[in-house]
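Below is one structure; the comments refer to it alone.
Nothing in this text is a laboratory measurement; each read-out follows from the coordinates by a stated rule. Since the structure is predicted, the reported quantities are computational estimates derived from the model, not experimental observations. Cβ: placed from backbone, ideal geometry, glycine included. Neighbour counts: every protein chain shown.
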Amino acid sequence: MSTVHRHHIAVIGTGYVGLTAGACLASLGHRVVCADMDPDKVERLTRGEIPILEESLPELVREGLDSGLLTFVLGAEKAICDAETVFVCVGTPMSPDGDLDMTAVDAVADEIRDLLPHGCALVTKSTVPVGTAARLTRRLDRPDVAVVSNPEFLREGTSVHDFLHPDRVVVGADDREAAERVAALYATLDAPMVITDAASAELIKYAANCFLAVKLSYVNVIAELCERVGADVGQVATAMGKDHRIGGAFLRPGPGWGGSCLPKDTRAMLRTAETADVDFQLLRAAIDVNIHQRERIADKIARLCGTDSATPLDGVRIGVLGLTFKAGTDDMRDSPAVALAGALARLGAELVAYDPVLTVGGTPAAPVPDVTVVDDPYEAGKGAACLVLCTEWPEFRDLDWNLMAKALDRPLVVDTRNHLDPEALRAAGIAWHGVGVRPVTGLAGDPVTGTADSPVTEQRPAAVPQPG
Ligand code: UGA
C-alpha cells in the first residue's frame with residue numbers, strides 16, 4: 001500500500017494499542033519509531049518477538065522490521081527527534097479511587113516537552129478523560145505543538161483488522177489544520193473520517209464503549225427474562241438485530257462483559273458525568289447489571305449442584321473452561337471468567353480450570369486467584385459436579401463429550417456463552433444449561449418436558465448474532 005506522503009511518526013508505549021498502531025501505520029507506508037521504557041521488551045520486539053497474542057500482529061511487525069519502516073527504541077527521546085506526529089499510547093489504568101491514573105501520560109508529556117520538534121502534533125491514542133487535550137496543551141506550554149485526540153476503536157484479538165478496516169477514524173483538535181494533518185495519516189484507508197474538536201473526540205470514545213456496555217447489559221437482562229418466561233434469547237436477539245436501527249452485533253448474552261476497556265471506561269465515564277453534574281443512571285445500571293450477571297450465574301450453578309447452606313458449594317469441585325475475558329486473546333484483565341470463579345469460590349467451590357492459551361509447555365502461565373489451572377480440558381472436568389464454560393474458544397465445541405462425561409462426577413455443563421452444541425452433550429448423556437434458553441437434558445431420544453433450570457427439553461438455542 002502506498003501513501004501520498006510518508007510521515008515520520010513516533011509511538012510512545014508498545015502495549016496493545018501502541019504496538020498495533022505502530023505496526024499498522026508502518027504497513028500504510030509511514031516511517032514509525034516505537035519507544036518503550038522496558039529494555040527487554042524493546043530487544044524482543046526488535047527481534048520480532050511479540051509479547052501478546054494478537055492475530056496478524058507478528059507478521060505485520062516482521063514486515064515492518066524487514067522493510068525498515070518500523071523500528072523499536074528505548075526511551076521516548078530517541079523516537080521523537082524528527083517526528084512530525086507523536087502518538088502517546090501509554091497505559092491509563094484505573095486508580096483505586098476510580099479515577100484514571102494519568103501518571104504515565106503526564107510523565108511522557110513532561111519528558112518530551114522540550115524535545116518535541118517544532119510544529120509537530122502530539123496525539124493521544126490511549127483512552128483519556130475528556131479534557132485531557134486541553135490539560136496537556138497547558139502542561140506542555142508549547143504553542144507551536146498541537147495536541148490532538150485520535151481515539152482507537154480496536155478490539156483485542158482482532159486489533160490489526162480493526163485498525164486497517166475501521167468503521168470510522170476520529171480526529172479531534174481545537175487546531176483544525178493539525179487535526180487534518182493527523183487525519184492525512186489514514187488517507188489510504190477506506191473509512192469515514194470524523195474531524196472534530198478535541199473534547200468531542202475524547203467523548204466519542206467513551207460514548208461508544210459505554211453504549212456497547214449498555215447494549216450487553218440490556219441483552220443479559222433480556223436473557224434472564226427469557227429464562228423466567230420460557231423464551232429463547234437467541235431468537236429474541238436475532239430478531240431484534242434485524243432492525244437496522246439496533247443491529248445484530250454485541251447482542252450475545254454471556255457471563256457479563258469484561259476486559260481491559262469496557263469496565264474501566266464505564267467507570268471513568270461515570271466519573272466524568274459526576275464531575276459535570278450529570279446523573280448518568282443508565283450507565284450505573286449497566287454496571288450493576290454486569291455485577292448481577294456474574295452473581296446470578298454463580299447462584300444458578302449453586303442451585304443446580306449445591307446445598308441450602310450459606311456456602312452451598314462447600315467442597316464441591318467445579319471445572320471451568322476458559323479464563324481469558326473473551327476468545328482470541330490471552331488477556332485476563334477484568335475477565336468475567338475470573339470474576340465468576342471468585343463468586344463460586346465465595347460459595348465454597350473448589351475450582352479447576354483449563355484455558356488453551358494459559359498454559360505454556362504444560363505449566364500455567366500465571367496464577368489465578370481461587371483457581372487451579374491445568375493443561376487439559378478433561379482434567380478440569382475430572383471429578384467435577386459441574387463444568388462451566390466461560391470463554392468461547394472454538395475448540396471447546398470439538399471436545400470429546402463422551403470422554404468428558406466419564407471424567408465428570410455429575411454430567412452437567414453450564415454454558416455461559418451458549419457456545420456449545422447442546423445436542424452433542426445430550427448424546428453423551430450430559431445436561432446442558434445455557435443463558436436465556438431452556439436447558440437441554442436427558443438422554444437423546446427420551447421424551448422431554450420441563451421448565452427452566454431443572455428441566456428437560458428438546459429445544460435447541462437459536463444462533464445468536466455475531467459481532468460485526
Ligand atoms: C472494546 C471495544 O469493543 C473496542 O471497540 C474498543 O476499542 C476497546 O474496547 C478499547 O477501548 O480499547 P475489547 O475490550 O477488545 O474492545 O473487547 P470486546 O470485544 O468489546 O468485548 C468486551 C466484553 O464483552 C468481553 O467480555 C466479551 O466477551 C463481551 N461480549 C462482547 C459479550 O458478552 N457479548 C457480545 O455480543 C460481545
Packing-based ranking, highest mean first, of 241-248, 382-389 given that Cβ atoms within 10 Å are counted: 382-389, 241-248
Computed [θ] at 222 nm, helices only, for the chain once each DSSP H run of length n ≥ 4 contributes -39500 (n - 2.57): -11500 deg cm²/dmol
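In segment 1-72, what GluC sites (Glu not before Pro) fall in a loop by DSSP, with at most 15 other Cβ atoms inside 10 Å? Walk me through the numbers on the way to the answer.
On the way: sites: Glu43, Glu49, Glu54, Glu55, Glu59, Glu63; in loops: Glu49, Glu54, Glu55.
In loop regions of segment 1-72 (DSSP not H, G, I, E or B), the sparsely surrounded GluC sites (Glu not before Pro) are Glu49, Glu55.
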FRET efficiency estimate (nearest 0.05) - Cβ-Cβ, Asp99 to Glu423, R0 60 angstrom: 0.75
R0 of 41 Å, Cβ-Cβ distance Thr311-Thr275: FRET efficiency to nearest 0.05: 0.50
Relative packing of 282-290, 28-36, 317-325, which averages over residues the other C-beta atoms within 10 Å, highest first: 317-325, 28-36, 282-290
Amide proton proximity set for Val11, modelled H, under 5 Å, gap of 5+: Val33, Cys34, Ala35, Phe87
Nearest-20 debye value, segment 8-195 charge dipole, Cβ charges on Lys, Arg, Asp, Glu: 260 debye
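Which of the pairs Lys125/Lys242; Lys300/Lys326; Lys300/Lys382; Lys242/Lys300 have their Cα atoms more than 24 Å apart in this structure? Provide the component values of the computation, followed by the final result.
Values: Lys125/Lys242 33 Å; Lys300/Lys326 21 Å; Lys300/Lys382 21 Å; Lys242/Lys300 31 Å.
Going by Cα-Cα distance, Lys125/Lys242; Lys242/Lys300 fall outside the 24 Å limit.
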Computed FRET value (nearest 0.05) for Asp66 with Arg397, which takes r as the C-beta separation and R₀ as 30 Å: 0.20
Phi to ³J(HN,Hα) by Karplus 6.51 cos²θ - 1.76 cosθ + 1.60 over segment 300-311, Hz, x for Gly, Pro: 4, 5, 4, 5, 6, 9, x, 10, 8, 6, 5, 10
Shape call, segment 8-195: gyration tensor on alpha carbons, a/c limit 1.5: rounded
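Sort Thr307, Thr329 so that the residue with the fewest other Cβ atoms within 10 Å of its own Cβ comes first and the one with the most comes last.
Fewest to most other Cβ atoms nearby, the residues stand as Thr307, Thr329.
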Long-range amide H partners of Val170 with built H, under 5 Å: Val194
Estimated D of segment 107-263 in µm² per second, where Rh is the Kirkwood radius over Cα pairs and Stokes-Einstein applies at 10 °C, 1.306 mPa s: 89 µm²/s
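Where nothing but the Cβ of Lys and Arg (+1) and of Asp and Glu (-1) is charged, how large is the charge dipole of segment 197-468 around its Cα centre, in debye to the nearest 20? Show your work: numbers first, answer last.
Values: 26 positive and 35 negative charges, 80 e Å.
Value, rounded to 20: 380 debye.
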Burial ranking of peptide ranges 261-267, 194-200, 422-428 (average Cβ count within 10 Å, highest at the top): 261-267, 422-428, 194-200
Per-residue ³J(HN,Hα) for segment 82-97, Karplus 6.51 cos²θ - 1.76 cosθ + 1.60, θ = phi - 60°, Hz, x for Gly and Pro: 10, 6, 8, 9, 10, 8, 9, 10, 7, x, 10, x, 7, 7, x, 7
Label-point separation, Arg168 to Gln235 (7 Å along Cα→Cβ), nm: 3.6 nm
Mean-position separation - Cα centroids, segment 382-418 and segment 117-185, in angstrom: 45 Å
Per-residue ³J(HN,Hα) for segment 113-121, Karplus 6.51 cos²θ - 1.76 cosθ + 1.60, θ = phi - 60°, Hz, x for Gly and Pro: 2, 8, 9, 4, x, 4, x, 7, 10
Total charge dipole magnitude, the chain, about the Cα centre, Cβ charges on Lys, Arg, Asp, Glu only, Debye to nearest 20: 780 debye
Extension gain from Arg303 to Asp141, taking 0.36 nm per residue of separation minus the Cα-Cα distance: 52.2 nm
Amide H contacts under 5 Å for Met94, placed H, 5+ residues apart: Asp101
